[in-house]
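S.K.: One structure coming up, written as structure tokens, with questions to follow.
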Amino acid sequence: MPPTSVDHSPLPAASPPAPPARGRRANPWLTLLAVSFGLFMVQLDASVVAIANPEIGRTLEASTADLQWVTNSYLLALAASLILGGKLGDRFGRRTYYLVGVAGFTLASVAIGLAGSVEGVIGFRAVQGFFGGLLMPNTLGLLRAVFPPRRFGMAVGIWAMVSAVSTALGPIVGGLLVEHVSWESVFFINAPIGVLALLVSGAVLPQSRTAAGRQRFDVVGVVLLAAGLLCVVFGVVKGETWGWSSAGTIAAVGAGLLVLVVFGRYETRVEHPLLPMQLFRSRALTTGTVVTALNFFVLLGLIFFVMLYLQNVRGFTPVEAGVRTLPLSLASLVASPLGAALTARFGPRLSMPLGMLLQAAAAFSMLTWGTGSSYATMWPPFVALGLGVGMVLAASSDAVVGQAPVEDGGVAGGIQATALQIGGALGTSVLISLISGRVGATLTGELTAAGVPAGQAAQFHRVEDAVAMGIAPVSADMPGPLRAAVVEGSGQAFMNGVHTAVTVTGVLCLLGAALAAAGLRGTAPASSRH
């Protein structure tokens, strides 16, 4: 159990608060411009890597497990460092840790492209994730420090627009680079963006920090939080391959949750905690955190299997698939400032439930998709999804960071970013698991219905994993009629899985809308806060 005594032993005093900014450093809109570069770089990177993974596997002769760790090492390091990054920024300077994050992320990106081995890629991806954890929360912490409450909602709307658009553009940019340059260019592209971010940020960002005085840094809290988040995220990302009811998954997630409970208990008993638990007394902040996780559960989960559908079932190239998701990007471009304006006028109690309802509509409309659906059935869900995600991101940022005290702006940004990453990891893992389960239950029947002889159809259970990725398990030596039947049956089994996944997603969105409506009742709009 954590000790009940408080350690009052002295440490060197923290730096005094920075003097008031003057000139260009006093312009909050220039601060927003500067942090947008770093935000764009991180969010773009998060979605382009999935496009590069197949080519990384071929070039570096990597196994499927290796490719999973290309993603997982980044996710684990990022999740473990986000709240720490926000706390360091609040305590020692948000500008300083934002710049450190940008520089480290940029250098790690270049190192990944030069690594030459899958082990090097995995290692530098973890380094990249750590510096992303320093960068991300301080973007919102800086905005919280420089924007007055009445304008913070609009600033967050633009922040959310940059985040949503860069995430949605990832498949297009990644596809172009992988097809016409190389997989390394997916990481090298961060170099010019990072250098530009450093130049602009160094010129315009003001320093801001909390006047902390003589405080002992909460090292025990850092260790407990990192260990708990690592276990939870590790269990989540491995749940798909291990099985959600497997001993390994249950042990990892259970151990992580137990450590996080100990962390929460410990944080209430130290004088200067890493994460002030009283922040969660705000119903708006707590609701916003949960809905943030659900928002990216939906976005990243749906995008993942939509790209499988477009490329593996419909046969589009990565670029062609990315272009077809452009309505999602364009809708996000509109939705984020619209959501910010609604949030500023009415508070998140209107825009957050509305955004979740739009996402529910997007999910349920995907029930009409089949193996040969026209594009006319595809773009309306993309528009609804983009509108919903953008509105919720703007509203949840206001609910989480806007409701926290200015001195805890970085920590609040870390809370939101952690929820975002965990939600995204859960979305990808859970929805693919749902698709896999449904494919396993229906594949034999669908193959038989398509004309595959019953004896042969039963043997295809060995390739269920490929079918769950939208890949028809055919070979060149198959007779034409059998090949056509296998393609038809496996495609239908995949769509059965998709329909199950979107049904569950739609129900979760409806629950999220209800939670937001109830949890944000009475939350004041930003324009009325003082």
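S.K.: Can you tell me the accessible area per residue over the chain, all protein chains present, probe 1.4 angstrom, in square angstrom?
M.R.: 38 Å²
S.K.: Could you work out the pair-distance distribution P(r) of the chain from its alpha-carbon pairs, with 20 angstrom bin width and percents rounded to whole numbers?
M.R.: Using 20 Å bins, I get a P(r) of 23, 56, 19, 2 for the chain.
S.K.: Order the peptides 246-258, 498-510 from the highest to the lowest mean number of other Cβ atoms within 10 Å of their residues.
M.R.: Sorting 246-258, 498-510 by mean packing, highest first, produces 498-510, 246-258.
S.K.: Can you send over the carbon and sulfur percentage of the accessible area for the chain, probe radius 1.4 Å, protein chains only?
M.R.: That fraction is 67 percent.
S.K.: Quick one: in the range 291-344, what % of C-alpha pairs are over 14 Å apart?
M.R.: 65 percent
S.K.: Something else now. Whats the longest run of the chain with zero trypsin sites (Lys or Arg not before Pro) that are DSSP loop and have at most 12 other Cβ atoms within 10 Å?
M.R.: On the way: sites that count: Arg22, Arg214, Arg521.
My reading of the result: 215-520 is the longest stretch.
S.K.: When all protein chains stay in place, what accessible area (Å², nearest 10, 1.4 Å probe) is found for Ser245?
M.R.: Here the residue's solvent-accessible area equals roughly 100 Å².
S.K.: Looking at the chain, identify the longest residue range that excludes and avoids all GluC sites (Glu not before Pro) in DSSP loops having at most 15 other Cβ atoms within 10 Å.
M.R.: For GluC sites (Glu not before Pro) (loop position, at most 15 other Cβ atoms within 10 Å), the longest site-free span of the chain is 272-530.
The values are calculated or read from the model by the stated rules, or taken from the named source; none is laboratory data. Quantities reported herein were computed from a predicted structural model and do not represent experimental measurements. Backbone-built Cβ (ideal geometry, glycine too); neighbour counts: all protein chains shown. The protein model used for the area step is the full one, side chains on, heavy atoms only, and it has no ligands, DNA or RNA in it. Shrake-Rupley method; radii C 1.70, N 1.55, O 1.52, S 1.80 Å.
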